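Beneath this line is the structure, given in structure tokens, with notes to follow.
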Amino acid sequence: MIAIGNDHTGYELKKAIIKYFEEKGIEYKDFGSQKVTSSDYPEFAKAVATAIQNKECDKGILICGTGIGISIAANKMKGIRAALCHDCFSAEATRLHNDANILAMGARVVGPGLALKIVETFLNTEFSGDQRHIRRIQMLEE
Ligand code: RB5
């Protein structure tokens, strides 16, 4: 189950990602703004991060204008590793190395075509499980 959240700037991209999820049969819960009128990204970051903390969802996707504010907000929450990615290399690497549980993107930075490829890469890449990466991830929580 994928948690998705967005502020007003991410509403249109969120809809494109949901369309992709529905085509692929990927289950999701939408915690985002349903409007394009001004909203506050920390609210949606907290909702998605909480769904991951309580294991209601396995991974999350967060979208704001730049992806920066919403990833900063998510990363303040225990156990959350939100990675801001605007390319597929980073999306793959953050799953392999950081076991990132949230992908953040900026709807004002990437177009929907690239964003969907980034989502696909993020969701289809497993954590490497290498000891050095496990150790570093544990250090993030100390
Ligand atoms: C909203 O205008 C914008 O500040 C927000 O979407 C995000 O980019 C913040 O980091």
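Taking the Cβ of each residue in 110, 36, 48, 119 as the centre, tally the other Cβ atoms inside 10 Å and list the residues starting with the fewest. If you can, show how the numbers build up before the last one.
Details: 110 19, 36 12, 48 32, 119 24.
Ascending Cβ contact count within 10 Å gives the list 36, 110, 119, 48.
Most exposed first by the Cβ proxy, i.e. fewest other Cβ within 10 Å, how do 123, 84 rank? Before the final figure, lay out the partial values.
On the way: 123 17, 84 22.
Final ranking by Cβ density, sparse to dense: 123, 84.
Our note on the geometry: Cα centres of segment 90-142 and segment 36-84, 14 Å apart. The modelled label-to-label distance for the pair residue 108/residue 55, using points 7 Å beyond Cα in the direction of Cβ, is 3.9 nm.
With R₀ set to 41 Å, the beta-carbon distance separating residue 130 from residue 1 gives a calculated FRET efficiency near 0.95. By the count of other C-beta atoms within 10 Å, a proxy for reagent exposure, 121, 37, 50 are ordered fewest to most as 37, 50, 121.
Dipole size of the chain about its Cα centre, with +1 on Lys/Arg Cβ and -1 on Asp/Glu Cβ: approximately 180 debye, rounded to the nearest 20.
A dipole drawn for segment 1-106 from +1 and -1 charges on Cβ atoms has a positive end, and of 74, 18, 1 the residue lying farthest that way is 74.
Nearest 20 debye, what's the magnitude of the dipole of segment 35-112 about its Cα centre given +1 on Lys and Arg Cβ and -1 on Asp and Glu Cβ? Provide the component values of the computation, followed by the final result.
On the way: 9 positive and 7 negative charges, 32 e Å.
The dipole magnitude comes to about 160 debye.
Report the calculated FRET efficiency for residue 139 and residue 24 (r = Cβ-Cβ distance, R0 = 22 Å), to the nearest 0.05. All intermediate terms of the calculation are to be shown ahead of the outcome.
Values: r = 35 Å, r/R0 = 1.58.
The pair residue 139/residue 24 has a calculated efficiency of 0.05.
For segment 91-140, the relative contact order works out to 55 percent when only alpha carbon pairs closer than 8 Å and six or more residues apart are counted.
Bear in mind these aren't lab numbers, they're just calculated from the coordinates by the rules spelled out. Predicted model only: the values in this text are computed from it and were never measured. Note that each Cβ is placed from the backbone with ideal geometry, even for glycine, and that neighbours are counted across all protein chains shown.
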